[in-house]
Amino acid sequence: MTGSRLLGSGSALPERLVTNAELSERIDTSDEWIVERTGIRQRYIAGEDETTASLATKAARAALKDAGVTAGEVDLIVLATATPDNTFPATATKVQDALGCNGCVAFDVAAVCSGFLYALATADSLLTTGMGKCALVIGAETFSRILDWEDRTTCVLFGDGAGAIVLGAPDLAKPAREGGPGVLASKLHADGAHHDLLYVDGGPSSTQTVGHLRMKGREVFRHAVANLSSVLGEVLDDAQIKAEAIDWVVPHQANRRILDATAKKLGIPPEKVIVTVDQHANTSAASVPLALDTARRDGRIVPGNLVMFEAMGGGFTWGASLMRV
Ligand code: ACO
């Protein structure tokens, strides 16, 4: 089976930019500590009138425009988020209504920071098996709403935003595995044994509250490098591609040190890794499509490039996808 093709991308950020300097006026932290440990310099924080759905809709509109696809042509919306507007219905249905493509398939995927990888693999599978011709795959988050702003070990790490891509059904005349555009391979994993290392301490069925993010950062870091290196190897093996052939790695933007360590393990030079964590911080499921859109817009990622996407997050969940764009 050949893979689905990238037709366009878009992204959206909240209006309000918050620098490390501004945070250090309110929290016992410093620009120096944040930059040295994470690479983060600033993040965007949603205002009262901005939500996961509103950011996702903005990103989706930009992606449709970029792809030259109308909302009426969308058969499927898969939206990855851990910060939905409501417990239900799915944020994807709010986006669907705002775009005006009512009637198509629309649902959310919850895999935290790996959400976009899970959404991409799901949409690709559905398009590849004939469920539709065109999908919107969105990662959108407002993590600022689940942060404990008294906890300096977590609140400095995250930001809000959304990214979206339009995927087209495989072109059977030009299969991705024979040099055509499209997804060459995807691998996903989860291991629920590590729940307590990264989780939100609330939820409708447990506490009837939204809760706050809790993370044992150092342990997550250790698992992230090991899991990402291993899943990247699996994808390369499946696609029968050597690491040297990759033009760009678009990783989940959790921490500059994780990006560097993972690339080094794979033997990929740092110049081939798209880094936006300095500008956006960790936007969870939004970070991969936000980074992809940034690098397409500034002209680094161009048609024909082999691009590796990868992410690891709460669950734990992790995954990677290789795509010729
Ligand atoms: N400002 C100043 N000092 C701080 C801050 C802060 N914001 N936060 C922690 N410190 C202090 C600690 O209190 C500690 O002080 P101590 O030595 O006196 O006890 C010291 O800095 C070191 O703390 P560590 O937690 O050991 O720092 P570390 O180098 O591990 O960096 C970090 C922490 C940045 C969180 C790192 O571990 C990390 O990035 N982990 C991975 C996070 C990640 O990848 N998450 C993935 C997905 S996220 C998702 O799925 C939602």
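The values are calculated or read from the model by the stated rules, or taken from the named source; none is laboratory data. Fair warning: this is a prediction, and the values are worked out from it, not measured in the lab. Positions of Cβ are backbone-derived with ideal geometry, glycine not excepted, and every protein chain shown enters the neighbour counts.
Worth a mention:
- Among the residues of segment 76-113, those that are assigned to a loop (DSSP other than H, G, I, E, B), buried (at least 19 other Cβ atoms within 10 Å of the Cβ) and in contact (Cβ under 8 Å) with a residue 40 or more places away in the chain comprise T81, A82, T83, A111.
- For V166: the one exception among (1) within 15 Å of the ligand (Cβ to nearest atom); (2) in a strand (DSSP E or B); (3) buried (at least 18 other Cβ atoms within 10 Å of the Cβ): (1)
- Looking across segment 6-38, the residues that are part of a strand (DSSP E or B), over 25 Å from F221 (Cα atoms) and touching a helix residue (DSSP H, G or I) at 6+ places or on another chain (Cβ under 8 Å) come down to L7, G8, S9, G10, S11, A12.
- In segment 39-53, residue farthest from the ligand (Cβ to nearest atom) [restricted to those that are touching a helix residue (DSSP H, G or I) at 6+ places or on another chain (Cβ under 6 Å) and outside any loop (DSSP other than H, G, I, E, B)]: A53
- Hits in segment 244-283 (condition: within 21 Å of P303 (Cβ to Cβ), of a type in the set (D, E, K, R) and in contact (Cβ under 8 Å) with a residue 24 or more places away in the chain): D247, K272
Residue-by-condition table, conditions (1) at pLDDT below 95; (2) touching a strand residue (DSSP E or B) at 6+ places or on another chain (Cβ under 9 Å); (3) farther than 23 Å from A291 by Cα:
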{"site": "E178", "(1), (2), (3)": "yes, no, yes"}
{"site": "D191", "(1), (2), (3)": "no, yes, yes"}
{"site": "S206", "(1), (2), (3)": "no, no, yes"}
{"site": "H223", "(1), (2), (3)": "yes, yes, no"}
{"site": "D237", "(1), (2), (3)": "no, yes, yes"}
{"site": "A245", "(1), (2), (3)": "no, yes, no"}
{"site": "I258", "(1), (2), (3)": "yes, yes, no"}
{"site": "G267", "(1), (2), (3)": "yes, no, no"}
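- Meets criteria (out of contact with any Ser or Thr (no Cβ under 9 Å at 6 or more places or on another chain) and either of a type in the set (S, T, Y) or away from the ligand (no atom under 16 Å from the Cβ) (or both)) for G211: no
- Members of segment 194-208 that are more than 13 Å from the ligand (Cβ to nearest atom) and touching a helix residue (DSSP H, G or I) at 6+ places or on another chain (Cβ under 9 Å): G202
- Identity of the residue in segment 171-195, over 19 Å from A245 (Cα atoms) and within 22 Å of the chain's Cα centre (by Cα), that ends up surrounded by the fewest Cβ atoms within 10 Å (Cβ to Cβ): G192
- Within segment 184-203, tally of residues that are in a strand (DSSP E or B), within 20 Å of C113 (Cβ to Cβ) and touching a residue at least 60 places away in the same chain (Cβ under 8 Å): 8
- From the list A254, A311, A285, A320, the one residue that fits, being crowded, with 24+ Cβ neighbours inside 10 Å, touching a helix residue (DSSP H, G or I) at 6+ places or on another chain (Cβ under 7 Å) and assigned to a loop (DSSP other than H, G, I, E, B), is A254.
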